[in-house]
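Presented below is the structure to which this report refers.
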Amino acid sequence: MGAGIKLGLYRQAKLLGLNVAGVSERALCEYVDRLENGSGQSGVLVGTNEMHRSDSATNDVVSDIDANDDAKLEYAEASVDEIHDDHRQFAKPVLDSSENTVDLYTRYIGPLLNHADKPTSRITQDNITAYLDSEGDVSNATRMNIIDALRVTFRDFLDRDTMDAFEMPGKSAKPTEVPSKDDLQTFYEALDNPKYKAAFLFAATSGLRSSELCQLTMDDINEDKRMLVPDKESSTKETWLTFYNEEAAEAFEHFREGREPGDERVFQTTKQPLNRKFQHVSDEVGVKVTI
């Protein structure tokens, strides 16, 4: 079943008030039971109520969905904002995409739609090639992100094969340049805000990503043990626990005095401002440091 049909089916189920997870689990259990034991009944779970349908009734539902055609036709004349909104609603429950992944995909889908300036049903491989050329001399990593975002959009969301001919660029090995201790001290001294000094030391000693640092709350810190236990759920990454050192603890105590009340986030900032600050200081002192 195409992803376009899955989106239409998902919407229809939500409008009817169905417990989608319950329906799926119950239907799967019953079909397995029928295959193993030859049972002749089929049923679906609707919230806390059960109702039984015959095979012919199930076929009628499938026929109705087929009659509505793929969801790709629904977006033939949709605006960029409408596609973004529906893609966001689709990607989280159906594709199990994280918020950061959806934001990344959205960042690249919009420019293509604006560049092509035509309905999604009429966008061709030539349009996509022209858009990729318009991005100029981007890194292989950025080009990979763009192609991946467009693949998910056209294949999984719009149920089109427009991106099938595009291959991921090769990713060449690039040695990591590690700043010296003197360089790190130079960078640290250029951080004029206690918040960013504390974030620097937490990152350096805990190994957390910038997004994980920004998501930390005061409840995630065991200050007696200098231990961090991030409350993070992701289908692609796992975080257990980690620690920060005494110097980071001292920097946090200094920053704590200026924390705003009512915001339980440890560093009271988001990923973008934190990364921008590190980029600005990197440019200023000539030492490249990222979280």
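The values are calculated or read from the model by the stated rules, or taken from the named source; none is laboratory data. Predicted, not measured: the structure shown is a model, and the values here were computed from it. Here the Cβ positions follow ideal geometry from the backbone for every residue, glycine too, while neighbour counts run over all protein chains shown.
I'd like the full set of residues that are in a helix (DSSP H, G or I) and either basic (Lys, Arg) or exposed (fewer than 15 other Cβ atoms within 10 Å of the Cβ) (or both), limited to the range 179-189. Scanning the range 179-189 gives 181, 182, 185, 189. Within the range 184-236, the set of residues being touching a residue at least 12 places away in the same chain (Cβ under 8 Å) and of a type in the set (D, E, K, R) comprises 195, 197, 209, 212, 219, 220, 223, 225, 226, 231, 232.
In the range 90-145, of all residues being of a type in the set (D, E, K, R), surrounded by fewer than 13 Cβ atoms within 10 Å (Cβ to Cβ) and under 20 Å from residue 211 (Cα atoms), the one that is nearest to the chain's Cα centre (by Cα) corresponds to 99. Report whether or not residue 133 is outside the structural domain of residue 210 (by TED's automatic domain parsing), free of Cβ contacts under 8 Å to residues at least 40 places away in the same chain and in a loop (DSSP other than H, G, I, E, B). The answer is no for residue 133. Out of all the residues in the range 167-181, is one or more closer than 20 Å to residue 84 by Cβ and of a type in the set (S, T, N, Q)? Taking every residue of the range 167-181 in turn, none turns out to be closer than 20 Å to residue 84 by Cβ and of a type in the set (S, T, N, Q).
Among residues of the range 213-233 being assigned to a loop (DSSP other than H, G, I, E, B) and in contact with a strand residue (DSSP E or B) (Cβ under 9 Å, 6 or more places away or on another chain), the one that is nearest to residue 195 (Cα to Cα) is 216.
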